[in-house]
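What follows is a short report on a single structure.
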């Protein structure tokens, strides 16, 4: 290693979460500027950034030094009793890896710190260090170290003794006394004593700077970062802060000047760097071991299982497709042989067997598993092993899109499990392969553009409105940066140029943007190793779940050759499983979803009508509109829909082109007739990546492996690579004697669509789930919606939306019933009954206390109920909620009577229960007891039932939503006429959109502004859900009575769409009834010029003539992003403003075509 004057050995990167502010990329650039030979990483208590750092430093031609500033418990790491605060719970110690043994020991130490020693911070102890110190160099650390702490406590002799003991553990000159010169008075005291100890004991000194940020000017941003970590503001005098701005990455020259009087402390940094020579193995895979019989190879087992699995699959195919031929079977068997050969050649049989094992274990244990996800759905071997459930040959899915023999990389099979069973599968894998060999994978939240502004704004204690304003000026784009936002949004530039406080906010946010903010467990990733994980990487313990998690993020886990598997939780699988259970319990005991046809007319009618609330992937308002326009009539159309409904295709005109070709309004042409076989299902449009691959093979003789490389090159848009592929493509086309100009046109077309091309395998797998849920909704709507309600029970918004859907489907929603309800939703003929678990306050104990006595016999009355349930678990509050929601409606009396009698019924019930417990026998039956107030057993007071309005209000109080009715139900026609959006769909509208919303006020919170004016935060509910409405002071004064009344309102305003929520800023509030009384004057029709055909205009004329009325009709002809022309229809074509014209117009043109004025 070439000599230089100094190497920093104590440095905290951004992986010292919300403490280190050094970004690795910038650090490496600076290190190269300073021409240092090596760089160290020593984050606080963790090794999160090690591989990221290692790879980047290596790439820059520098030596990476891997280390960690560990926390050491004063005594045992298991002791959590003798300290009152975090500073007393541990001391700092700096550890650096000399070699791979040292790396493995550091991994083990840091893992144990989280697993066994966490107390305020992850801690190890000296017992562990005595056992695991080989290959490690230790530095005595900063003022937080044990020796500095003893020195400052005026115990120099003990400090000298401890230094000698530490040096004995880290023998052979592996222990150094660490000096820092950071202008802290205490540090100078420590330095003087450390120099004395060094002289007395012969221990070497080493100079460091405890770097926490890159430049001196970053000190202020770092101080703000500490405020974000501790939840303090910069105005708080008690906040955690560094004492000066010297904790930066100083140049070697600065360090030489700082320690000019102790040159050996600088030279020792170079000696340590020389001694640290760690090479982390990369580029080879560490496959987990699949248990197999000694007399069989993995290859033999895979072939055997795949062949027998295919035999089973072919039997199932014949059940659904009786005409399946012998020639078709040969195609399957040949494809299987080709795939097996490739998998064996690439060395992946064990991987497939492991995945098949845990998937089939899940299926055997009743845990629903998805049909496939990602490119793995293109593998016939995966289909045969029941890893996937979609036939790749039937839907032209390509194995090479998944596994390419010409570009060797790990297979990546992502698996969807039922959300309730995912953890069980992970536990199975842990038990099978060993808990020390299985872990989930860490992920890091970062301070992204808008989030950085909000975090910094809070730390600077700026008014929320000011911070919100700046954050909202950052464009709503994926992966937007503050730098890019400044270029793209002139208003942002103007704001920060005008206002110094905005400039300060922006500059600090810019400095902190991209830093890691927190660690959590990845939603899917699981890693399995052949030997203990700690031999490869350090482990983290998730503080929420207590689960074992890798300290490296997914990409870096793969870089060191570990094999990861994705276990995802998908709610829809749980819904499907619950629906099937209900179907088998009721209408069809032998129902098998695997045997449904893929061309069911009822399912396609439902899809074409856009009646897809609850249907997987197809329930957004935009997707419903697309379904109505496209009118899918085959499974391939659903595959296309999943691929089309993305920002790229939607914004490119591709979707409209696809629809017009499907309906014969645009000619379908092919440059070469050979392309029809590939592009026919997408009406001549190149939609899938697999189509690019097939076109390349057909026209230019590409292998499918080579075609996958072309597909990847197109996706990356690398000019040089694309030029080579273009030449190769044209050469292949020429060999096939194809017209060169046409071949060039096809290549250009593929290049254009590669930008939007989607993985067909993934689209097909998710289309299958979409089709299955649509089939269930079309044929078993009650069972399907009951299952959906059960899974959505925790979300009030979703329950309201689903209840609204049930009403529109004509399915009755019944309140809970004390004798008929289970814990969740149940099916009763053509109705769904709410479960008792939906009632507020009814926990597991109360529920079981109701269900247990009911198993003996039903409850006969409220009094019988109070006598038989455990009233310690079913208290008065629970019983009141049950009455208010209607759970006792089938028993004697109405709700008002039952609530009035409850206290007496509970009094008698408690008395009867006490007597039973004491073994007393009453002389009289409960039925003849009369209390002192004259009220007897089972005698209900003579009262009138509550008015309907009160009944509904109590229902909502008990359940969180209305069941037997809704205050907005009688206004349904007016809502359709005047509202431009439902509450549930507001989030799908763009920021600053103008909307009209109808609903009732369900909550109102007043707030006093700084000027002393009152404003209101209103919760407005319609039949679909809730909306948050902001009413500013001037409007609040005008509409105070309306907002505090109980009548339905029409609210007009502008949407404020944030990252997490959506608010309506009201500019008009009117009673809906009053608004209805005013005659609607105009009806506006908005027609898209690019999609309207002559026939549609003729149908439109018929609609106008069919719905004559008194309103002026105006037609807006819109040329997107160009112009809008308004045509006023003659007086003879005035129209009515009812719901029928709205429905007919939407059926013809799609949603949002008509508005009333």
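Observations on the structure shown:
- Here is the figure for segment 358-378: residues that are out of contact with any strand residue (DSSP E or B) (no Cβ under 6 Å at 6 or more places or on another chain), surrounded by fewer than 18 Cβ atoms within 10 Å (Cβ to Cβ) and in a helix (DSSP H, G or I) total 3.
- Screening segment 397-452 for residues that are free of Cβ contacts under 8 Å to residues at least 12 places away in the same chain and within 27 Å of the chain's Cα centre (by Cα) and picking the one that is farthest from residue 349 (Cα to Cα) gives 423.
- Selection within segment 291-322: residues that are in a loop (DSSP other than H, G, I, E, B) and at pLDDT 90 or above. The member of this set that is surrounded by the fewest Cβ atoms within 10 Å (Cβ to Cβ) is 296.
- Per-region count, segment 582-617, residues over 19 Å from residue 638 (Cβ atoms), touching a helix residue (DSSP H, G or I) at 6+ places or on another chain (Cβ under 8 Å) and not in a loop (DSSP other than H, G, I, E, B): 2
- Among residues of segment 399-421 being in contact with a strand residue (DSSP E or B) (Cβ under 8 Å, 6 or more places away or on another chain) and buried (at least 22 other Cβ atoms within 10 Å of the Cβ), the one that is farthest from residue 568 (Cα to Cα) is 413.
- Of 529, 481, 521, all but one fail to be free of Cβ contacts under 8 Å to residues at least 60 places away in the same chain and under 23 Å from residue 556 (Cβ atoms); the exception is 481.
- Some residue of segment 242-260 being free of Cβ contacts under 8 Å to residues at least 40 places away in the same chain, surrounded by fewer than 19 Cβ atoms within 10 Å (Cβ to Cβ), out of contact with any strand residue (DSSP E or B) (no Cβ under 9 Å at 6 or more places or on another chain) and over 22 Å from residue 6 (Cβ atoms): no
- Across segment 649-656, not a single residue is classified as crowded, with 22+ Cβ neighbours inside 10 Å and in a loop (DSSP other than H, G, I, E, B).
- When segment 662-676 is limited to residues that are assigned to a helix (DSSP H, G or I) and touching a helix residue (DSSP H, G or I) at 6+ places or on another chain (Cβ under 8 Å), the one that is farthest from residue 396 (Cα to Cα) turns out to be 662.
- For residue 538, the criteria (1) in contact with a strand residue (DSSP E or B) (Cβ under 6 Å, 6 or more places away or on another chain); (2) at pLDDT below 95 hold in every case but one, which is (2).
- The conditions of being buried (at least 20 other Cβ atoms within 10 Å of the Cβ), modelled with pLDDT of 90 or more and more than 24 Å from residue 394 (Cα to Cα) are not met by residue 603.
- Residue satisfying condition, being over 30 Å from residue 1136 (Cα atoms) and touching a helix residue (DSSP H, G or I) at 6+ places or on another chain (Cβ under 9 Å), within set 1004, 1030, 1055: 1004
- In this entry, residue 886 passes the filter for residues that are assigned to a loop (DSSP other than H, G, I, E, B), within 30 Å of residue 782 (Cβ to Cβ) and either at pLDDT 85 or above or touching a helix residue (DSSP H, G or I) at 6+ places or on another chain (Cβ under 8 Å) (or both).
- Matching option when the condition is within 25 Å of residue 796 (Cα to Cα) and out of contact with any strand residue (DSSP E or B) (no Cβ under 7 Å at 6 or more places or on another chain), among 831, 846, 860: 846
- Just one of the listed residues (53, 78, 48) is in contact (Cβ under 8 Å) with a residue 12 or more places away in the chain and in contact with a helix residue (DSSP H, G or I) (Cβ under 7 Å, 6 or more places away or on another chain), namely 53.
- Which listed residue is assigned by TED's automatic domain parsing to the domain that holds residue 944 and either under 22 Å from residue 586 (Cα atoms) or out of contact with any helix residue (DSSP H, G or I) (no Cβ under 9 Å at 6 or more places or on another chain) (or both), from 909, 835: 835
- The listed residues are 236, 218, and the only one of them that is free of Cβ contacts under 8 Å to residues at least 12 places away in the same chain and either farther than 23 Å from residue 136 by Cα or not in a helix (DSSP H, G or I) (or both) turns out to be 236.
- Residue identified as closer than 15 Å to residue 761 by Cβ, at pLDDT 85 or above and in contact with a helix residue (DSSP H, G or I) (Cβ under 9 Å, 6 or more places away or on another chain) among 704, 687: 687
- Residue tally, condition assigned to a helix (DSSP H, G or I) and surrounded by fewer than 21 Cβ atoms within 10 Å (Cβ to Cβ), over segment 710-763: 28
- Strands (runs of 3 or more DSSP E) wholly inside segment 770-880 containing at least 2 residues that are in contact (Cβ under 8 Å) with a residue 24 or more places away in the chain and under 32 Å from the mean Cα position of the chain (by Cα): 826-828
- Those helices (runs of 4 or more DSSP H) of segment 1002-1117 in which 3 or more residues are surrounded by 14 or more Cβ atoms within 10 Å (Cβ to Cβ) and touching a residue at least 12 places away in the same chain (Cβ under 8 Å) occupy 1033-1038, 1072-1077, 1094-1106.
- When 97, 107 are screened for being under 24 Å from residue 546 (Cβ atoms), touching a residue at least 24 places away in the same chain (Cβ under 8 Å) and either surrounded by fewer than 20 Cβ atoms within 10 Å (Cβ to Cβ) or in contact with a helix residue (DSSP H, G or I) (Cβ under 6 Å, 6 or more places away or on another chain) (or both), only 107 passes.
- Evaluated against (1) over 27 Å from the mean Cα position of the chain (by Cα); (2) within 20 Å of residue 573 (Cβ to Cβ); (3) touching a residue at least 60 places away in the same chain (Cβ under 8 Å); (4) surrounded by fewer than 19 Cβ atoms within 10 Å (Cβ to Cβ), residue 385 falls short on exactly one condition, (4).
- Counting only helices (runs of 4 or more DSSP H) wholly contained in segment 119-184, the ones carrying 1 or more residues that are more than 20 Å from residue 47 (Cβ to Cβ), at pLDDT below 95 and in contact with a helix residue (DSSP H, G or I) (Cβ under 9 Å, 6 or more places away or on another chain) occupy 146-152, 156-169.
The values are calculated or read from the model by the stated rules, or taken from the named source; none is laboratory data. Everything numeric here is computed off the predicted structure, so don't read it as measured data. As a convention, Cβ positions derive from the backbone with ideal geometry for all residues, glycine included, and neighbour counts pool all protein chains shown.
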